[in-house]
1. How many residues does the stretch 557-585 contain that are crowded, with 20+ Cβ neighbours inside 10 Å and of a type outside the set (Gly, Ala, Ser)?
2. Given the conditions (1) over 22 Å from Ile293 (Cα atoms); (2) open to solvent by less than 80 Å² (accessible area, probe 1.4 Å); (3) part of a helix (DSSP H, G or I), which single one is not true for Cys145?
3. Restricting the first residue to the stretch 229-241 and requiring it to be among the hydroxyl-bearing types (Ser, Thr, Tyr), which pairs with a second residue that is outside any helix (DSSP H, G or I) and open to solvent by less than 20 Å² (accessible area, probe 1.4 Å) meet a Cβ separation below 8 Å and a spacing of at least six or different chains?
4. When residues of the stretch 246-269 are filtered for being in contact with a strand residue (DSSP E or B) (Cβ under 6 Å, 6 or more places away or on another chain) and either open to solvent by less than 60 Å² (accessible area, probe 1.4 Å) or free of Cβ contacts under 8 Å to residues at least 40 places away in the same chain (or both), how many remain?
5. Sort out which residues of the stretch 566-578 are touching a Ser or Thr at 6+ places or on another chain (Cβ under 9 Å) and free of Cβ contacts under 8 Å to residues at least 24 places away in the same chain, and write them in order of number.
6. Does the stretch 191-198 include one or more residues that are over 30 Å from Ser119 (Cα atoms) and of a type in the set (Val, Ile, Thr)?
7. Select, from Glu550, Glu536, the only residue that is closer than 30 Å to Val218 by Cβ, of a type in the set (D, E, K, R) and surrounded by 11 or more Cβ atoms within 10 Å (Cβ to Cβ).
Amino acid sequence: MALLRTLSTFPSLPRRITRREPTLTVIYRNPANSIVCKSIANSESAISLSERDGFAAAAPTPGERFLENQRAHEAQKVIKKEKKKKKKKDEAVVRKVVDTSVSCCYGCGAPLQTSDVDSPGFVDLVTYDLKKKHHQLRTVICGRCQLLSHGHMITAVGGNGGYAGGKQFVSADELREKLSHLRHEKALIVKLVDIVDFNGSFLARVRDLVGANPIILVITKIDLLPKGTDMNCIGDWVVEVTTKKKLHVLSVHLTSSKSLDGVSGVASEIQQEKKGRDVYILGAANVGKSAFINALLKTMAERDPVAAAAQKYKPIQSAVPGTTLGPIQINAFLGGEKLYDTPGVHLHHRQAAVVHSDDLPALAPQNRLRAQSFDISTLPTQSSSSPDGESLNGYTFFWGGLVRIDILKALPETCFTFYGPKTLEIHVVPTKTANDFYQVTFLHHHYLLRGQVLSTHLLCTHLFMQKELGLLLTPPSGKDQMQDWKGLQSHRLLRIEFNDPKRPASDVAISGLGWISIEPIRRTRDTEPRNLSDAEHEIRVCVSVPKPVEVFIRPTLPIGTSGAEWYQYRDLTDKEEEVRPKWYF
């Protein structure tokens, strides 16, 4: 009590001395505030109310700094642990996709199975057990591949070739998923593009599949180009188009799997660039990957005994899109690297995605492309019902049953040249009767397949309808195809401008089929193009195709003997020369 009375005699002492305020448990609210020393701030106004009450902000103590550092360190450890866990998960997915422990058919890459005879990869149980006993499952080919090797058209990809899909089918998305691991691997990519369907098979978004892996661009089927084609012009044209698509590639090779032209150059490039990496052959469905691999192995076998041994079990070649259903591993290099044949990337915008599997061979040319040219002079003798006796204005071209081209505006000398499979015939009719020609032709075809006959009145609705009516516009060509055919639902109006009438204006490419070269004034010897007015430097056409199919306008491909005469090489700067990929043949 005496002590309390003594303290009460000093009213000027701060309250923090007389009260047990929880000052040590208060965390500072603003680290920017500083502690005010009494010896400096002696005035009452310099001390805030909170300071007098013992609640002023304080700097972090060394202990608090230590705790903060510990918390930050623990947080970093958690983040690193999560990243490591995610990386292991991605690697597990990659291992699962390219798992070599599962035995697959060496012809198509489908996992071997003995339960479902209608599914890919089926092998009878006796053969499977025998091969497994002797460790020879890698030498087994499935029943589907045996049928494909004998010419049967058996698709296994649902949603393509006229099939809706089912339990025995593989979806196009599943096939694409089998290529997703390429982004996470260090590999050398050999990308194949069909010269006949350059735009349709190019895989414009290939970097989404392969990531930053280096790419060698290989152009296939150059043996199908017309005789007299200058490969110098073709190589420069391909490099120009590839550069405009902003696809950075190591080099471009023009090849033919049939004649082996250019394949040795690809083999040398692969040996130089693989650098311990596996090599993946990538491309759109039915672009010729399996045929190219067979040609590559044949070329490499001359110097590489490993490649020579790999020729015994080669991937199956077929005109059916989706022949390869899984990555096929091939031991082809002395260094131990693997060569992989991959499933084709199925593109919905190609004609192969809309026609029945029975009609697929008609879309795959086997011989050199046949150029079919049409101008006003090539049409039959004009009658009074002709739309325009001076040009192709008012006429319609039918390219089989898959493409319709209405000529809206053209010069009297304009020529249209078709490049595509020989099996697809081209028919020319006046546009005003084109709808009836198309519909009645297919209607008559449908009735013929059902064993019925149309009335004479319907058969005589057009000049071109004779006894072979119903077999003119094909594909589609069968009863099932006719019932499911939805017609030409997509229409695209093209306006093509040109400056030099001495050169072709452009190509109109049909995805999965071929292309049409448009020549404003047909080239003839000993004649010079006339002077054109400004209004005449334009051609307009309307192209109709099945709904998913795409139509491309591109620079004219310089083919044939005349291609080298009009093709112009672009002058390049030193920088362009340095970064521009080289092409080889």
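The values are calculated or read from the model by the stated rules, or taken from the named source; none is laboratory data. Please read all numbers here as calculations on a predicted model, not as lab measurements. FYI the Cβ positions are ideal-geometry reconstructions off the backbone, even for glycines, and counts take in every protein chain you see. Protein only, heavy atoms only, side chains kept; ligands, DNA and RNA dropped before computing areas. Shrake-Rupley method; radii C 1.70, N 1.55, O 1.52, S 1.80 Å.
1. 5
2. (1)
3. Correct list of pairs: Thr229/Pro558; Thr229/Ile559.
4. 10
5. Glu576
6. Yes, because at least one residue in the stretch 191-198 is over 30 Å from Ser119 (Cα atoms) and of a type in the set (Val, Ile, Thr).
7. Numbers: Glu536 fails: closer than 30 Å to Val218 by Cβ.
Criteria check complete, one pass: Glu550.
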